[in-house]
Structures are given as structure tokens and as C-alpha cells.
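Novice: Input: one structure, supplied below.
The values are calculated or read from the model by the stated rules, or taken from the named source; none is laboratory data. All values reported here derive from a predicted model rather than from experimental measurement. Positions of Cβ are backbone-derived with ideal geometry, glycine not excepted, and every protein chain shown enters the neighbour counts. When the accessible area is computed, the model is the full protein with side chains, heavy atoms only, and any ligands, DNA or RNA have been set aside. Shrake-Rupley method; radii C 1.70, N 1.55, O 1.52, S 1.80 Å.
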Amino acid sequence: GILTFTKHLYAENGTTRISNANAGDISFTFRLYLGTENDTNIPLANMHSYHVKDPNGYYCKWVSGTGFVSLDKKDYDHLSDDEKLAATFITSMNGSIDKIPVDYTVEVREIPAGTKYKVEERYRELPDGYSLLRYSVYNSNTQGYEATGNDGKDIPQGVISAVNQNAVIIDNMKGWGLRVHKVWSDDEWMQDRDPVYFALYTNVNNTLTMISNTVTRLAYGESSAYWFIQTLQDCNNDRQIDESDFAYYEVREVTISNSNPTVDSDTGLVSNPETVTALNVNDTITIQGTQIGESSRESYTYAIMGYDTGTLSNGSNVREDTITNKRAGIELYKTEWDG
């Protein structure tokens, strides 16, 4: 049998298709799972071959510095041996298939009938500024695509048929992405540190308003927190929401009153932060951590040194900010002899 999965992209309204020609230089990553009928948990495909077809259905090869290039042939049997070799790609040991542009199709050939399959697009592997809209699976009875359960959010899986079409469409939505990078002054001295929390705010006329359901935890070992914003708020009050409204969005480090919050393992979002307090520049937080070479945890106080807001480049839908936390310590200054 043959399994195919195709990438489609939609605007923030979820109904307007964005074609490959208008999608820009963006690509996506999938995870392919293949297993036997006896596998309860379908394993990730290990170094399995696949092919890529362009929006017109032509097989592609990969050209360094250019990307996928059409071979101008739609029928696999019409490819020469050299073209078949050029058009064959291999998943990673963990089933990863990457760099797939909008409107392109991945084709996995020569799968034994009865093989269990699963195709996944992981949240943390999505490009910033994009979200999963839905998965749809081809139904041979209705001869059409149907969204999976949970409004299309359930990962598509099934059994390969040698007779019916095995096909999946993965729809994404383009919105806005905001990523904040966390810098610690004592990073090289710490082997562990309690998590910290952030939230999204709008700042209109110097009034901060927290956007609901945006409190996010950043655990030790993670360098950044991220938010996908499907639709911006009309901060300009001009009813024409565009990138100018994005400038009103700000990230603040916060404290929460719930000492044992519920955290989404993919997004880091906290569902029950209780009381949320935003920290200003020069405000301090005290959290526990373990220094390298020590076995016991101690409390350390950090000052918020600054909120550095990134710039949104022309045509981009992603902004990257930086927040620096500084712990008191020894500072050395180099000066001239006259001071």
C-alpha cells in the first residue's frame, strides 16, 4: 500500500487557504509511525524511505541551497533509476520528516497491507507563528476527507489498505508567534533552579492588561517560553488589526499564588495560577536552586534587569523578546587610570 500526507495552510480565520506561492519560506516537520498488527503502541518509523511531491503532483529531488526541485514526472514508474534514487529520502531513527513546504505531499510506498500507521505533527516542532488546525483522513466509503476526533486534533492512525486510498491532510493555521528568551546571570554556576512564570499583556496608554489563559511556566533547562496568538486584539481601536497591534503586546515575568499549579506538558500553560502578579524592572524574586558542586538547595534572589522587546521584521509574524534576571555577586570593572 501507499500512504500519503499533504500539508495545507490557512489564514487566521481558519477558512481562507494560503497557497504555496503566498506562504513564504516556511516548512513543517512530521513524525511517521509504522508497526505490525500486534503493536499496541505503534513505534516510530526507523530510517524508512519516503518521497516528496510538489503542489502539481510531481516527484521532487533535493538541491542544496534551493530546496525541493521538481523532476517533472508524476508516475513513479516513469522515473529512471537515478531519478528514483534522487527522489528517495529517509526518515530519522525517530521517524522525523522535515522541511516539507505548504501544499507538498509526502508519499510512503511499499507498505505491507495490515501495517498500522500514525502521522503526527508535534506542538514543539511547529514553526513559530503557526498552529495545528486539524487532521483529516480520507474515507473510502464517502470518497472524501473527514476530520479526526476532538475537532480534528486527534492524531490520525489506521491500518494500511492495499485496495483503498491511505491519505491524510494536515491543516495548519497562520497567526502570530511571540517567544521570550530567558537569560540568567548565574547560569554557568547552577545545576538546578525552580521554575519561573510569564504571562502575556497588552500595554495601552501605559496600562498593562493581562491576556487570560497565558500564564506559562519555564522550567530549569528550558531557555524560552512561547505563545501562539491566533487573532490579535484591536489595540489601536481602528478595527483594522495588523502588525501594528502586535507592538502593544508585552511579556512580563510574574509570580503566582498557586504553589502546585497544573501545567500543560506541551505548551507550558498553567490552567490554575490563581493570583498573578506582574514584575517590573528592578523588582526581585526569590527562588530555590542548587549551585554546581553543592548538594543542598538554597534560596537565591534575582532582580529583573530589563524587558527587551524584539522587532517584527517586514512581513514576519514572529517576535522574539528577552528577559534578563541577575543575581547579586561580584562585579569587576575595567577603567582608565583617571577613573
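Novice: Just one of the numbered conditions (1) closer than 23 Å to Asp25 by Cβ; (2) surrounded by fewer than 16 Cβ atoms within 10 Å (Cβ to Cβ) is not true of Gln143; which one?
Specialist: (1)
Novice: Sticking with this structure for a sec: For the range 292-307, what are the residues that are out of contact with any Gly (no Cβ under 9 Å at 6 or more places or on another chain) and open to solvent by less than 40 Å² (accessible area, probe 1.4 Å)?
Specialist: Answer for the range 292-307, where residues must be out of contact with any Gly (no Cβ under 9 Å at 6 or more places or on another chain) and open to solvent by less than 40 Å² (accessible area, probe 1.4 Å): Tyr302, Ala303, Ile304, Gly306.
Novice: Restricting to strands (runs of 3 or more DSSP E) lying wholly in the range 1-104: which have 1 or more residues that are farther than 19 Å from Ile170 by Cβ and out of contact with any helix residue (DSSP H, G or I) (no Cβ under 8 Å at 6 or more places or on another chain)?
Specialist: 27-35, 49-53, 60-63, 67-70
Novice: Moving on to the next point. What is the one condition in (1) among the charged types (D, E, K, R); (2) at positive phi; (3) open to solvent by less than 30 Å² (accessible area, probe 1.4 Å) that Asp72 does not satisfy?
Specialist: Looking at each condition in turn, Asp72 falls short on (3).
Novice: Okay, moving on. Please go through the range 248-269 and give me each residue that is under 20 Å from Lys182 (Cα atoms) and either open to solvent by less than 50 Å² (accessible area, probe 1.4 Å) or touching a residue at least 60 places away in the same chain (Cβ under 8 Å) (or both), ordered by number.
Specialist: Selection gives Tyr249, Glu250, Val251, Arg252, Glu253, Val254, Ile256, Val263, Asp266, Thr267, Gly268.
Novice: Now for a different question. Can you tell me how many residues within the range 25-62 are β-branched (Val, Ile, Thr) and open to solvent by less than 50 Å² (accessible area, probe 1.4 Å)?
Specialist: Looking only at that region, the number is 4.
Novice: A follow-up question, please. Within the range 166-200, take every residue that is open to solvent by less than 30 Å² (accessible area, probe 1.4 Å) and among the β-branched types (Val, Ile, Thr) and give me the one that is farthest from Gly152 (Cα to Cα).
Specialist: Going through the qualifying residues, I end up with Val196.
Novice: On the basis of being touching a residue at least 24 places away in the same chain (Cβ under 8 Å), farther than 18 Å from Glu125 by Cα and of a type in the set (Val, Ile, Thr), does Thr91 make the cut?
Specialist: No; evaluated as a whole, the condition is false for this residue.
Novice: Please determine, by comparing only the residues of the range 1-24 that are of a type outside the set (Gly, Ala, Ser) and free of Cβ contacts under 8 Å to residues at least 12 places away in the same chain, which one is surrounded by the fewest Cβ atoms within 10 Å (Cβ to Cβ).
Specialist: Residue satisfying both the conditions and the ranking: Thr15.
Novice: Within the range 283-290, identify whether any single residue is open to solvent by 50 Å² or more (accessible area, probe 1.4 Å), assigned to a strand (DSSP E or B) and among the aliphatic types (A, V, I, L, M), and answer yes or no.
Specialist: no
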